[in-house]
Each structure stands twice: as C-alpha cells, then as structure tokens.
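Data first, discussion second: the structure below is written as structure tokens.
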Amino acid sequence: MANPYRGEVPFEFDEETHALRLTLGSLAHLEDALGADGLLTLGKRLGEGHMSARDICLVLSAGFTGIGKPVTAEALARSIPASALERAAIAAATLLAVTFGEGKASRPSPPQAA
C-alpha cells in the first residue's frame, strides 16, 4: 500500500499495484532525460500541467526507479494502453506534486509535541 508520508503514489502496472516514489537519484535521471538544468527547472516544466505522453512515461519510470524496480519509459509506453492515459497522467502528476511540495495540505499533519 502506498504511504503518502513517504511520497508514495499507487500505480497499477503488469497486474500489480506498485507504490511509486521519486528519490534524488531518480530525479537526477529525470533531469537528464528531459534536459533540465536543475530541480527548479524540472519542477517548473512538469508542474505547468503540459506534460506529453513521453513526459508521463519518464516520470513513471523515475517512480519505478525510486522503489528499486527499474522499468524503462519505453517499456511503459509499450505496455500502458491509450485508454489508461488519464490514470497514468494522474499518477505522474501526483508523484510530482508530493515530491515538489504541492498537495502537502491534503496530508494530515504530524502530531505536535505537547
């Protein structure tokens, strides 16, 4: 089960639900793949809501890399049917949101010390 406190996002692939997560290493690979010159550029580019199908596959691939189960963007592109585009796009956007700080308000706050 995906743990939102760890930045995990559930995504079903190959008949199994995976708790995808972006790590610093997977973000570095994503920067390279997209030609971004840093995390701010990467976050801005992908956070504008204009992700291509290639971008979605790259983000999901980075999420798989983050959990130690590398799946290439090409394998995802071949395996995810076009009818699942919305589900894939939502998972990719959610991964970016939890990684770059958006959506934190929807997560419960940790208990405060008394």
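Rolling a 1.4 Å probe across the protein heavy atoms gives the chain an accessible surface of 61 Å² per residue.
Apply the a/c threshold of 1.5 to the C-alpha gyration tensor of region 1-110 and tell me whether it is rounded, prolate or oblate. In terms of gyration-tensor shape, rounded. Would you mind getting me the FRET efficiency between H29 and I90? Use the beta-carbon distance for r and R0 = 22 Å, nearest 0.05. Rounded to the nearest 0.05, the efficiency is 0.50. Highest mean first, the peptides 79-86, 16-23, 55-62 sorted by other C-beta atoms within 10 Å per residue fall in the order 55-62, 16-23, 79-86.
The values are calculated or read from the model by the stated rules, or taken from the named source; none is laboratory data. Just so it is clear, the structure is predicted and the values come from calculations on it, not from any experiment. Using ideal geometry, Cβ is built from the backbone for each residue, glycine included, and neighbour counts are taken over all protein chains shown. SASA here: full protein model, heavy atoms, side chains in, ligands and nucleic acids out. Shrake-Rupley method; radii C 1.70, N 1.55, O 1.52, S 1.80 Å.
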